[in-house]
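For reference, the structure is listed below as structure tokens.
Please treat every number below as a calculation from the coordinates, not as lab data. Model, not experiment: these values are computed from the prediction. Virtual Cβ from ideal backbone geometry, glycine too; neighbours counted across all protein chains shown.
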């Protein structure tokens, strides 16, 4: 994740929504050609800077997705984020 973006918000909640994201995780697994992926959801508050311009300043994002991928013998890697 780009540093300007990462430093522009406060992560309020982070959770695994269970079966609600299984189909999406399966699609991401195929897309990234990985052994597994997981989709986590979060709520975040954006500061007045809006980061690198990709987030709306002074706003709250709900159900923001974080897609992490993994292959056996490797660490989990953040592949993408957003809606």
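Residue 71 versus residue 35, label points 7 Å from Cα toward the beta carbon: distance in nm?
With each label point 7 Å from Cα toward Cβ, the separation is 1.1 nm.
Expressed as an acute angle from 0 to 90° and rounded to the nearest 10, what is the orientation of the C-alpha long axis of helix 22-32 relative to the principal long axis of the chain?
Around 80 degrees separate the two axes.
For the chain, what does the helix formula give at 222 nm: sum of -39500 (n - 2.57) over DSSP H segments with n ≥ 4, over the residue count, nearest 500 deg cm²/dmol? Present the calculation step by step, with values, prior to reporting the outcome.
Values: 2 runs with 15 residues, N = 83.
Helices in the chain give a 222 nm mean residue ellipticity of -4500 deg cm²/dmol.
Give the whole-number value, in cubic angstrom per residue, of the convex hull volume spanned by the C-alpha atoms of region 3-82. Intermediate results must be reported in sequence, preceding the final value.
Working: hull volume 7.7 nm³, N = 80.
Looking at region 3-82, the number lands at 96 Å³ per residue.
So the label point goes 7 Å from the Cα of residue 23 along Cα→C-beta, right? Which residues of region 49-83 then have their backbone N under 16 Å from it?
Answer for region 49-83: none.
Please compute the length gained on full extension between residue 61 and residue 14, using 0.36 nm multiplied by the number of residues separating them and subtracting their Cα-Cα distance. Please report the intermediate quantities before stating the final value.
Working: separation 47, 0.36 × 47 = 16.92 nm, distance 1.20 nm.
Gain on extension, residue 61 to residue 14, equals 15.7 nm.
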